[in-house]
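> Just dropping this structure here.
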Amino acid sequence: MKRNCVITCKNYTIVPPQKHWKNKTDPNINRLFYMTGGTGEYLDGDEMRTFEAGKIYFIPSYSGIATYTDDNDRLVHAFVNFKLSPPIVSKKVFCLDPSTSPKLKAATEAFCELCKVEYNARTRKTPLTSSEKQELELLSSLTLFFAESAAETAPDDVINDPVIITALNIIHSSLGKKLTVEEIAKKCYMSTDGFIRKFTRYIGETPYSYIKNFKIRSALLIRSEGATLEEAAEACGYSDASALLHAISSFSSKGNKPPTSHTESGKN
């Protein structure tokens, strides 16, 4: 049985309905989930991992852009979607257990209540009241609080350098565009050589290599959603399908593992 992706929206918080969920791929969106029940998986790099109820997950868009739930046991959760990362970026999906800290537990309870406020405001389609605006400012603060909590528990997996965060946001929001390292360095107010050294030190590969691999992995994931080669090529900034095939061939020949197929991961 093929599972359905629970992602239904962007740029705002929502507690989704229990039907009509759609499989959506958007490399610009980061997600913060609080799981309360049900069975589901998320894509972490190249692997599907199982959600645990009662825990908080921050999923950066570049770590995985697919989240699945069992049709017979739907996920029950609250989540927020946002385009730009908070001032802290995780190198991988991080998971927090609210039961380990009274502050985390209280923040999680507030997060769930604020999700309802945002959902009601959006479905009402009327301007936010001043009270709602104040409450939703707290939602942004909670997102940062969870990120900072993860930085304390897993400092080796977190980046807090503003230049690197800016660069990653530029790359991840420009999937279909032709982007040069020089352009990114300029937007980060750095010399090209200095930017390359800093990026490589933090990320572990050159910005050119990172951009290339990010585009290829995104194209493979889009293909696994059922898109044609031409559609995947256009979405990821390749001139045509042949150029994408050449890039994939080079990527695979270096021993890289493509993302898990959604169809395969959805089999019972």
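> Counting only residues 5 or more places away or on other chains, whose amide H sits under 5 Å from the amide H of G37 once H atoms are built in the peptide plane?
Hits under the 5 Å cutoff: G54, V76.
> Quickly work out the D97-to-S242 label distance, labels modelled 7 Å from Cα along the C-beta direction, and quote it in nm with one decimal.
Using points 7 Å along Cα→Cβ, the separation is 5.5 nm.
> Any idea what % of Cα-Cα pairs in region 96-228 are farther than 26 Å?
50 percent
> Could you point to the residue in A219, A243, P162 farthest towards the positive end of region 161-265's charge dipole, with +1 and -1 charges on the Cβ of Lys/Arg and Asp/Glu respectively?
P162
> Now a separate question. How large is the charge dipole for region 49-189, taken about the Cα centre, if only the Cβ atoms of Lys, Arg (+1) and Asp, Glu (-1) carry charge, to the nearest 20 debye?
Using only the charged Cβ atoms, the result is roughly 540 debye.
Quick note: the coordinates plus some simple rules give every number you see, no bench work behind them. Quick caveat: nothing in here was measured; it's all calculated off a predicted structure. Note that we place each Cβ from the backbone using ideal geometry, even for glycine, and neighbour counts take in every protein chain shown.
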